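Take a look at the structure below.
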Amino acid sequence: MFNVPSLLRFSKLFYSCGYLARKLHSPSQIKYLPQIEFSFKETGRGKKIFPCGALIGSVVAVALCECCQKENCSKCKDSLKPPEPPCKDPPSKCPACGTCFAGKKPIAWEKEDLTHSFLLRQANILTIDSITRVLSETMSAIEDYHAQYRRLIEMLMDLMEDSRCATDTRAELINCKQIVVRSSIEDMKKSILELESYLESVSRLAHASAETAFLANAEYASVALMERLNSIVCQVKDIKEKTLDAERASNELHSLIIVESGRGLK
């Protein structure tokens, strides 16, 4: 067992080893250094394995040879040399070792023949990508406009419900609000019709591009475009059905109000 002074000296030595390891090598490099056995001159008792390599041993302790356990062994000097730091410059040859990429083959990229067939296929693929983007943006706009249109119809229905039981003074204010909402509904309906007409033009363009891409041996892109177009057509159909249901409910409520107004006049 070590006495108290020896333990204090050992703690100072261990702290010095850790400090020098952090100064000489980064934390990511310490794990690459070999474990070398050291003996301490101060006590002559015990041995300890440090993961700091010969760099620490040459400064603080005396390194022992791994095979014969002797100090300054002439046969195994190479085993006491500090390891070279790992390469930090992958794109080129390492300035420290010069053999970082020894035995490694360069990446062989596939080279396409720049034939007319290949260039036509690539051009059709890019065209289909652009048309798919146009279809997606058009679908997003149609969905947004239909949602706003249905919200305006709901606002109009709420105003019509309020007008059924409103007094004369409040009825005039409600009628003014109804005029504003009806005007917004007409503007939104006009925008929806324009977008639907635009979607028809884009659909014709998509059909022509899919046919052209198929003839240019870009079958996958052609099939993907037609699947996307069919999906958008089904989505637009569902959105239109929801809008028609909202319009039908609004028309029924408006008819009911007209009938009640006629009964009131009688």
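One table, with the values for the structure above:
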{"item": "Qualifying positions in the stretch 173-230 - among the basic types (Lys, Arg), under 20 Å from GLU247 (Cα atoms) and either touching a helix residue (DSSP H, G or I) at 6+ places or on another chain (Cβ under 8 Å) or surrounded by 12 or more Cβ atoms within 10 Å (Cβ to Cβ) (or both)", "result": "LYS177, ARG182, LYS189"}
{"item": "Residue identified as assigned to a helix (DSSP H, G or I), in the same structural domain as MET157 (by TED's automatic domain parsing), among the charged types (D, E, K, R) and within 29 Å of ASN175 (Cα to Cα) among GLU200, GLU247", "result": "GLU247"}
{"item": "Sole exception among (1) farther than 23 Å from GLU161 by Cβ; (2) part of a helix (DSSP H, G or I) for GLY262, by number", "result": "(1)"}
{"item": "GLU172 being more than 39 Å from the chain's Cα centre (by Cα) and free of Cβ contacts under 8 Å to residues at least 40 places away in the same chain", "result": "yes"}
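The values are calculated or read from the model by the stated rules, or taken from the named source; none is laboratory data. Treat the numbers as computed from the prediction; the structure is a model and nothing was measured. For neighbour counting, all protein chains shown are included, and Cβ atoms are generated from backbone atoms with ideal geometry for every residue, glycine included.
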